[in-house]
1. Starting from segment 5-55, pick out the GluC sites (Glu not before Pro) whose DSSP state is loop and whose Cβ has at most 13 other Cβ atoms within 10 Å.
2. Tally Lys/Arg at +1 and Asp/Glu at -1 over every other residue whose Cβ is under 15 Å from the Cβ of residue 38; what's the total?
3. What distance in nm separates the simple spin-label points at residue 17 and residue 35, each placed 7 Å from Cα in the Cβ direction?
4. Once ligands and nucleic acids are excluded and a 1.4 Å probe is used, how much of residue 17 is accessible, expressed in Å² to the nearest 10?
Amino acid sequence: MSRQVLERFPAGGPRGSWPAEEFAGARRDEGVPARVVMDLESDTFLVIVEQRVPERTVERTPERVPEPVREE
């Protein structure tokens, strides 16, 4: 699983203001599964989207089926 950061918001916003949640909500309204997480090191709210990393496909060769033995 990988994460993509869509936007960063400072944690010290005005009281009662939730810009990161509003931004994430607008993305969800557009069909993007965005959510808000806190980055403690930088003291910011991150709006992220988690994406599944496609698994590598392994090419498989068809199994060889032996031909029937002909009796003469």
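The values are calculated or read from the model by the stated rules, or taken from the named source; none is laboratory data. Not measured: the values here are computed from a predicted model. Note that we place each Cβ from the backbone using ideal geometry, even for glycine, and neighbour counts take in every protein chain shown. Keep in mind that these areas ignore ligands, DNA and RNA; they rest on the heavy atoms of the full protein, side chains included. Shrake-Rupley method; radii C 1.70, N 1.55, O 1.52, S 1.80 Å.
1. Passing sites in segment 5-55 are 30, 41, 55.
2. Spelling it out: positives minus negatives among the neighbours equals -2.
3. Modelled inter-label distance: 2.6 nm.
4. Result for residue 17: roughly 50 Å² accessible.
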